[in-house]
Amino acid sequence: MNGSTILRLKPLFGPFFTYHTDEPSLQLVHKEKYWIEFRYEWIGEMADRDTPSQSFQEAVEQNSPDNSEPMERARCLGDNYLDKYFQTQDTTDLDAAIQHYQEYLLMKQLDEDREGLLTALGNEFNTRYVVTRQQSYSDTAIRLFQELVDRTPLGHRHHSFRLHYLATAYRDRFTITGDEAAIDAAIKWYKQSADHGKLEERYALRIGNLAAGYRDKSHRNSDRTTAIADREAAIQLFQKGLDHISSTVRQRYACAKDLFPLYADYGSWHKAYAVAKTAIHHIPLMATRDDFNDVIQIQCIEFAGLASLSAAMILYTINDLLDAIQLLELGRGVLAKYLSERHADVSTSLKDYPDVQRDYIDLRNRLYGLETSEPDGRTWNRYGRSLARAKALRDMEQLTSKIRDLRGLKNFMVPPGKEEFQNAAKHGPICIINVTKYRCDAIIIKADGLRHRALLKLRSDRVKAKAQNGDFSSVKTLEWMRDVIAHPVFEELGITEPSADGKWPHIWWIPTGLLAKFPLHAAGYHKSTSSRTVLDRAMSSYSLSVRAIIDGRATRDPAAAQLAPPKALLMVIPDTPGKDPLRFATREVAAVRSLCKSMKWDPINQVNGKPISLNIYRNHAPFLAYLSACGTGEINDETFLDESVHLINAFQVSGFRHVTGTLWKVNDKICADVASITYGGIRDGLMTDESVCLGLHQASRKLRDDWIARTSPRRDVNHELAARHDANGSDKRDDDQSRHIGSGGYNESGLLNWVPYVHFGV
C-alpha cells in the first residue's frame, strides 16, 4: 500500500480513529495519532513511527492542570508510553504506561469507561508478564480481567470478547509455567466465550482458541489416554471452526492451519490433505475486489506454505499429479494472479454473457462489502453481517457453478487443466521442486504427460540452514544442489550428456519455499573435468507458476510486432548519492545501444532521470525487460516466498514477456560483459523467445569458464573466449575498480559473481 492509497482511505477510516474525550485538543491529537499509526502499520514509513509519541507528549504538555482533566492526562500518558514500548521494547516504557493506566483506573471507579480501562490495563499487565515472566504481573492481569467479566452482564455485546481475554491470560500462564490448573481455567473460559458467541462472525476464532487450549494441554499431558482425548477434542473443534461458513475466510483458515499438523504429524495424510485443500480453495474468494489488495497481502502471509504441504499430502495418498499441480497453482502466486485477473477482470471471460457478468460483479462486491457497511451506509451488527456473509458465499458458489455450465466457461475461476499444462511444456519441461518438512519432490510437466520423482536426499531443514547462513552459491552448495535436485531430475528427463550439436534442452524451474532463493541453473561440479552441471546439460528459465508461463505466451500479438521497428528504452544511473559510482554502467548502455542499432531497434534514452510513461497492454506487451542491477530477483521478506515479491516478478505481472535479473549483488564490470553477450545472443537468434534464455545461458557459461580458468589454471577449458579477455577484448584487471567485488570471483557476501543472472519468461 502506498501513500496515495492511504490518503484515499483516510475519509473512510476517519471515524474509527476518533477518541472519545471532552477535551477537543486531546480528541484531535488522538484522532491524528491513530491515523499516523495506521499509516505506519500499512506503509512501514519510519518517519511515522515516532510521530504518535511526539504528538501525544506535546499535547499533554500544552494542557495545563487549569484546563485539563487529570484523568484524561493520565490516559494520554498511558497510551503514549505504551506506543513507545511497542516501538522500543524498553520495559521502562511499559512500566510507565501501566502506572498511568492505574492512576486513570483509580479515578474512574464508577464510570462506564472503567471497563475499557480494565481491558487495556489487563492486556498491558499480561504483556508485561510475557516479557518478564514475573508471576505478579499475571496475577494482576487475571484479577483485572476477572473484574471485567464480573461487571459484564449476560447478553452484552462484548461478553464473549471479555471472556476471551481472561482465557488468554490463563493460557499464557500455562505456556510459561506449564501449570495444568491454568490451562484448565483457560479451556473453561474459552468454552464460555465460544458458547456466548455462536452467532457471531468471529465464532471460528473463538472455537479455534478453545481447540488450541486442548491441543496445548495434550502436548504437556503425561497421561497418554488423556492426551489422546485432548488431541481429539482439539481436532473436532478446529474442524468445527473450519466448517463455520458464517465466520470470515481468514478465521476459518486459521483453524485449518492449526488442524493440518494435528493430522499430518501423526500420519493421517488423507485428512491432512482434505483440510489443506478446503483452505486453499478459499483463496480465490479473497482475491477479487480492488480495495482489498492490501488485506490480500496479509492473507498471503498466513497462507504461505500451505499449497506445498497440500501437494506433499497428495503424493503421500492418492498420488494425483494433476491435483497436486492445481493446488500449487491455486495457493502460490496469489498476488500475481490477483493483479493479472484485476487487469483482465471478468469482462473478457464473460463478455458474451453481460447479464451474468453484471450479476457476478454485483455479488462479488456485495460479498466483500460485508466487511464494512450495508448498501445504505448503516453499520452492520455482528450477527447480521455473519448471516449475510453465509448467504453471499452460498450464492457465489451457485453462480460460479452456473457460469461453468455455460458454453466455453467450464474452467471459469479454476486452475488450468492437464491439456493446458502439457501445452505449456511444448518448448521444454517444467520442473516444480516442492519442498516441505514431510517430503520433497520434483513434479515434472512434459508435453507428453506428467511425471514425478521423489527427491529422497533433499531435506527442508538443510535448505533452511543454508538459506539462514546465506550459503546460496558456494562450491559445496552448487555440488549439493546437483546431487539432491538436478541429477535425479535430469535422470528422470533422460538428459544424461552435454549437448553435442549446440541445441540445448530448455528447462523451466518452479522452486517452492526457501528454495526459490537458490540458483538451480548453476548446480553442478564445476571444478571437475566432467560436465556434471546444469549449465553443461541444459539452459534454464524460472517461473513463479505454470500459469505465469501460459499467460506470458498469450501477451504478444506477433502480427502487431511487425507494424513498426521495435523500440528499446535505455536507462542508466551511473551515480547514486551515497553509493559507489558505477564505472561500467555508461559503457554497458553504449554497447547495448550499438547492438540495438545492429538489430534495427530504435533506442530511446531516458532524459535527465525523469519518469517515462509506458503504455503496456496485453495484446502487444513488451518483449524484454533487462534489469542490470543488484538483487532484482532477490526475495528479502521470506513471508512472501510463495509470492516471489521482487522486481523481476513485478515486470512479469505488468506484462513483459521476458525479464532477466539477478539474485543478489552483482559486479559492475561483469554486468557490462553479461549484457554484451546476452544481447549478442538475442541478435544472433533473431529476437525469438528462445534467444533471450540462450543469450543469457551463453553469458553464464562464458563467465563460469573464466572463473574456472582463474581459480583452476590446470583445467583445459575449451571455450571460444580466452580466459584473460572478455567479449570486448578488455583486460580482466579492470575488475579491480568494480563494486561489491571480493577476491577469487566472489562478491562481498561470499557469493559467486557468475551465478546470480537469471531469466524469467516464456
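The values are calculated or read from the model by the stated rules, or taken from the named source; none is laboratory data. The structure displayed is predicted, hence computed values, not measured ones. As a convention, Cβ positions derive from the backbone with ideal geometry for all residues, glycine included, and neighbour counts pool all protein chains shown. SASA here: full protein model, heavy atoms, side chains in, ligands and nucleic acids out. Shrake-Rupley method; radii C 1.70, N 1.55, O 1.52, S 1.80 Å.
Below is a table of values for the structure above.
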| quantity | calculated |
| --- | --- |
| The range 423-434: number of residues that are open to solvent by 10 Å² or more (accessible area, probe 1.4 Å) and either within 17 Å of THR317 (Cα to Cα) or charged (D, E, K, R) (or both) | 1 |
| Selection within the range 638-658 - more than 19 Å from ALA554 (Cα to Cα) and either among the hydroxyl-bearing types (Ser, Thr, Tyr) or assigned by the TED database to the domain that holds LYS466 (or both) | THR639, SER644 |
| Members of the range 661-698 found to be open to solvent by less than 10 Å² (accessible area, probe 1.4 Å), touching a helix residue (DSSP H, G or I) at 6+ places or on another chain (Cβ under 6 Å) and hydroxyl-bearing (Ser, Thr, Tyr), listed by number | THR678, SER691 |
| Members of the range 498-537 found to be of a type in the set (Ser, Thr, Tyr) and over 27 Å from GLU634 (Cβ atoms), listed by number | SER499, SER528, THR529, SER530, SER531 |
| Tally of residues being surrounded by fewer than 24 Cβ atoms within 10 Å (Cβ to Cβ) and over 21 Å from LEU456 (Cβ atoms) across the range 476-532 | 16 |
| Meets criteria (under 32 Å from the mean Cα position of the chain (by Cα) and buried (at least 22 other Cβ atoms within 10 Å of the Cβ)) for TYR165 | yes |
| Complete set of residues in the range 140-162 that are within 27 Å of ARG73 (Cα to Cα) and over 36 Å from the mean Cα position of the chain (by Cα) | THR140, ILE142, ARG143, LEU144, PHE145, GLN146, GLU147, LEU148, VAL149, ARG151, THR152 |
| Matching residues in the range 515-547 - criterion: being out of contact with any strand residue (DSSP E or B) (no Cβ under 8 Å at 6 or more places or on another chain) and outside any loop (DSSP other than H, G, I, E, B) | ALA516, LYS517, ARG547 |
| Residue count for the range 253-267, restricted to those that are within 28 Å of ASN319 (Cβ to Cβ) and buried (at least 18 other Cβ atoms within 10 Å of the Cβ) | 10 |
| Complete set of residues in the range 439-470 that are assigned to a loop (DSSP other than H, G, I, E, B), open to solvent by less than 40 Å² (accessible area, probe 1.4 Å) and at pLDDT below 95 | GLY470 |
| When residues of the range 236-248 are limited to those that are surrounded by fewer than 22 Cβ atoms within 10 Å (Cβ to Cβ) and closer than 14 Å to VAL275 by Cα, the one modelled with the lowest pLDDT | ASP243 |
| In the range 641-660, residue nearest to the chain's Cα centre (by Cα) [restricted to those that are buried (at least 24 other Cβ atoms within 10 Å of the Cβ) and β-branched (Val, Ile, Thr)] | ILE648 |
| Enumeration of residues in the range 674-715 that are β-branched (Val, Ile, Thr) and part of a helix (DSSP H, G or I) | VAL674, ILE677, THR678, ILE682, VAL692, ILE708, THR711 |
| Matching residues, the range 472-497, being part of a helix (DSSP H, G or I) and either over 29 Å from GLU634 (Cβ atoms) or not hydrophobic (A, V, I, L, M, F, W, C) (or both) | LYS476, THR477, GLU479, ARG482, ASP483, HIS487, PRO488, GLU491, GLU492 |
| LEU154 being surrounded by fewer than 21 Cβ atoms within 10 Å (Cβ to Cβ), modelled with pLDDT under 95 and aliphatic (A, V, I, L, M) | yes |
| Test: residue in the range 289-302 that is modelled with pLDDT of 65 or more, crowded, with 17+ Cβ neighbours inside 10 Å and not in a helix (DSSP H, G or I) | no |
